[in-house]
Amino acid sequence: MSAPVTVPGLDQAPTAHRRLLAWVREVAELTRPDRVVWCDGSEGEWRRITDELVDKQVLVRLRQKPNSFWARTDPSDVARVEERTFICSADEADAGPTNNWMAPAEMKRVMTELYDGSMRGRTMYVVPFCMGPLTAEQPMFGVELTDSPYVVASMRIMTRMGADVLDRMGADAPFVPCLHSVGAPLAPGQEDVAWPCSDVKYISHFPDSREIWSYGSGYGGNSLLGKKCFSLRIASVMGRDEGWLAEHMLILKLTGPSGQVKYVAAAFPSACGKTNLAMLEPTIPGWKVETLGDDIAWMRFGEDGRLYAVNPEFGLFGVAPGTDWKTNPNAMRTLAKGNSIFTNVAMTDDGDIWWEGMGEPPAHLVDWKGRDWTPESGEPSSHPNSRFCTPIEQCPILADEYADPRGVPIDAILFGGRRKTTIPLVTEARDWVHGVYLGATLSSETTAAAAGKVGVVRRDPMAMLPFIGYHAGDYFAHWIAMGKGASSGAAQLPRIFYVNWFRRGDDGRFLWPGFGENARVLKWVVERIEGTAAAVETPIGRVPAPGALDVSGLDLPAEDLELALRVDAAEWREEIPQVVEWFERFGDKLPGVLWAELDALKARLDAA
Ligand code: GDP
Ligand code: PGA
Ligand code: MN
C-alpha cells in the first residue's frame, strides 16, 4: 500500500457524495495529477480554462466569432477509433459478434497499469454532468474525471454540467463514472505539446457496472464520455434492462401548412446527415422544421402508449465540411452567436473559420495541420471529420419542447445511410417488424467519422453498429419486443421509413439535391401517416407513387427523380447474400421474424 497521497484540491470537494468522493480519491491516487479541480460550470471557470488553453496555444481565439476558439488535434487523433473500442461485459457472449471484447478484470488490469501516473504534471478535472434535463424524475448523472481542459470546455457545451448537477446529485444519487486520460504524463520540467495523446488507445465500457474508461485520445467521440460512450453504449444496456431505447437519432418537430405537428426521429450513421436534417430549412412553402436533437434520442413509452423521445445532449457536435449558408443556414446562424469550439477546420487571415463546402476559398488560410494553405495546395484545408461544438440553445429553430423531460411523441422513425446505389430515396415499411428488418439490415458507406477506410459499404444496424453496448441479436429482439410494448396497440407505434439522400448517377452526381429539399420527403412521410399520399407496393416496401412526391418548383430532371426512386430487383438480389451473411453472424440470437422478413423479401424479388 502506498502512503496516503495529498493532492492539492482533492479535499476541496463541494459535495458530500460518498461514492463520488471515494472514487475521485482512488483515481487521483492512481493517476497522480498535480492538482484536482472540481468544476462548477460557471462563466468564470470557462474563461479561466479557455484563457489557459489560449496561453498554451492549444486554442486560438477567433476574432470574427464571439467567445469562440480554433483547435487543432494531433493529426493521428481525429476520429473515433472503433478498433480500440471495447465492450467489457462479464460474459463475452453478451458483447456479441459486432463488438471488441475483453474480460472486465483483464481490461481493468491493463488499463490500471496505463493510468498509473498518467496524469502526472497535469490537472485532473472533476466534471459532474447530467444527460437530459436536470428536471427529470430520475436525472441521468455522470461524472467525468479528465486531464484534458479541452474536454472540460467541450463538456460544458455538450452537457448540462457543473454545480447544479452536483447539488442535485446529493449524497447518494447513482451516476456513471467516466474516467478519461489523454495518456501523456509530464515529467518535472517537461514541456507539453499542444495536443497530448497516446499511441495506445482504449475506449472501454463496462456495461455490468455501468462504467467508462477512456485512455489515449482527446478526440470528441473518444473523450466526451457523456456522448457516444454513456448516452449510446451504456444507455443502450440500461434500455435493454429497463425497457427503453437509446438510439443514434436526431429528433425534429415538423409543422405542416394546416398546423398539424409531427415529431420525427431519424437514425443515420456518423457523417450521413443527422445534424443537417435536424436543422433543415424546408424549401416548400408552409412547412416548418424545429430542432430537438441532432445525434441521440432516448425513447420510452408514455402512459398513453406512444413512444416519447428526449435528447440527452446540450450541444451540437457537427461535421464542419459541407456546412454552409446554402446547405445548413440554421447551423451557420447557431455558430454566428459564438461560444463555440472548432476542431481541425482551417482559419482565415482575419481570424474566422473556413472549411470545404463554404464556397470560394480565400487566397490564404492556415490549414488544420497549422500550415499555410492556398487553393493550389492540392489537399483539403480542413480534416473531413473536422467539427463544430456549439450550444444547442443557440439554435434559432430550437423547439420549445427541447427541455421537457417528458420528451415528444414520435410519429415516424427514419432509418438511412449513404449508398451510391440500390437504396431508393424513400421507402415505407409495411409494419413495425418490417421496419425493424429495414433498420437491422441498414447499410452505409464508411465515412471519416471513424478511423479506417472511407467509402466501404458495411451493415450498420439502426446506425448503431459502433454504439450497441451488447449483443446485436439481443438488440434486434429488444426492438421487436418494444413494438409489442405500445399499450394501445400497433396504431400508436411510430411508422418506419428508410431514406437515402446519397444515391448517384453514372457520372457520380447526387441524384437528389438533398438538404432543404429533403423536406419534400418529410412531407410525403407525413402524408403517408395521414393517409393522403399515394404509394406503390414494391418487393422492398412502399415507395412514392408517380406524382406523389411533391417536386413542384424543383429543378430536377425527371430522369434523375425516376432513378432516385427506382427499385431495381436485380440490384436488390445482389444484396441478399450480404444480408444472409450478416444475419448468420448472430446465430440463434437473431429473432426468427427477421429471417422470415428476409425469406418473404426473397420470394417477392424472385416474383418481380
Ligand atoms: P451526421 O454526422 O449524421 O450528423 O451528419 P451531418 O448532418 O453532419 O452531415 C455529414 C455530411 O453529409 C456533411 O458534409 C453534410 O454536408 C453532408 N450531407 C448532409 N445531408 C446531406 C444531403 O441531404 N445530401 C448530401 N448530398 N449531403 C448531405
Ligand atoms: P456524428 O457523431 O458523426 O454521428 O455526428 C460524432 C462521432 O461520430 O464522433
Ligand atoms: Mn451530427
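The values are calculated or read from the model by the stated rules, or taken from the named source; none is laboratory data. Remember, predicted model here, so these are calculated numbers, not experimental data. Here the Cβ positions follow ideal geometry from the backbone for every residue, glycine too, while neighbour counts run over all protein chains shown. The area values use the complete protein model at the heavy-atom level, side chains included, leaving out ligands, DNA and RNA. Shrake-Rupley method; radii C 1.70, N 1.55, O 1.52, S 1.80 Å.
Condition check ((1) crowded, with 20+ Cβ neighbours inside 10 Å; (2) under 26 Å from S386 (Cα atoms); (3) within 14 Å of ligand 2 (Cβ to nearest atom); (4) not assigned by TED's automatic domain parsing to the domain that holds L425) across all residues:
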position: S258; (1), (2), (3), (4): no, no, no, no
position: G273; (1), (2), (3), (4): yes, yes, yes, no
position: L280; (1), (2), (3), (4): yes, yes, no, no
position: T283; (1), (2), (3), (4): no, no, no, no
position: K288; (1), (2), (3), (4): no, no, no, no
position: W325; (1), (2), (3), (4): no, yes, no, yes
position: A331; (1), (2), (3), (4): yes, yes, yes, yes
position: A336; (1), (2), (3), (4): no, yes, no, yes
position: N344; (1), (2), (3), (4): yes, yes, yes, yes
Within the group T112, T135, which residue is open to solvent by 30 Å² or more (accessible area, probe 1.4 Å), outside any loop (DSSP other than H, G, I, E, B) and out of contact with any Asp or Glu (no Cβ under 8 Å at 6 or more places or on another chain)?
T112
Matching residues, the stretch 366-425, being crowded, with 18+ Cβ neighbours inside 10 Å and farther than 28 Å from I251 by Cβ
V366, D367, W368, W373, S381
Elements of type helices (runs of 4 or more DSSP H) contained in the stretch 198-308, each with 1 or more residues being more than 26 Å from Y115 (Cα to Cα):
235-242, 274-278
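Let's see how each residue does on (1) over 18 Å from D295 (Cα atoms); (2) surrounded by fewer than 19 Cβ atoms within 10 Å (Cβ to Cβ):
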position	(1), (2)
S444	no, no
A449	no, no
V456	yes, yes
M462	no, no
A472	yes, no
F476	yes, no
G489	yes, yes
P494	yes, no
V499	no, no
Give the number of residues within the stretch 552-575 that are more than 17 Å from R509 (Cβ to Cβ) and not in a helix (DSSP H, G or I).
4
Inside the stretch 401-457, counting only strands (runs of 3 or more DSSP E) that do not spill past its ends, which hold 1 or more residues that are within 16 Å of ligand 2 (Cβ to nearest atom), under 26 Å from A519 (Cβ atoms) and in the same structural domain as I251 (by TED's automatic domain parsing)?
412-416, 443-445
Of (1) over 30 Å from the mean Cα position of the chain (by Cα); (2) touching a residue at least 60 places away in the same chain (Cβ under 8 Å), A603 satisfies all except one. Which?
(2)
Pairs needed: first member in the stretch 458-470, free of Cβ contacts under 8 Å to residues at least 60 places away in the same chain and over 16 Å from V237 (Cα atoms); second member anywhere, away from ligand 2 (no atom under 11 Å from the Cβ) and among the acidic types (D, E); C-beta distance under 9 Å; at least 6 residues apart or different chains.
R458/E445
Condition test on A246, is it away from ligand 1 (no atom under 16 Å from the Cβ) and surrounded by 24 or more Cβ atoms within 10 Å (Cβ to Cβ)?
yes
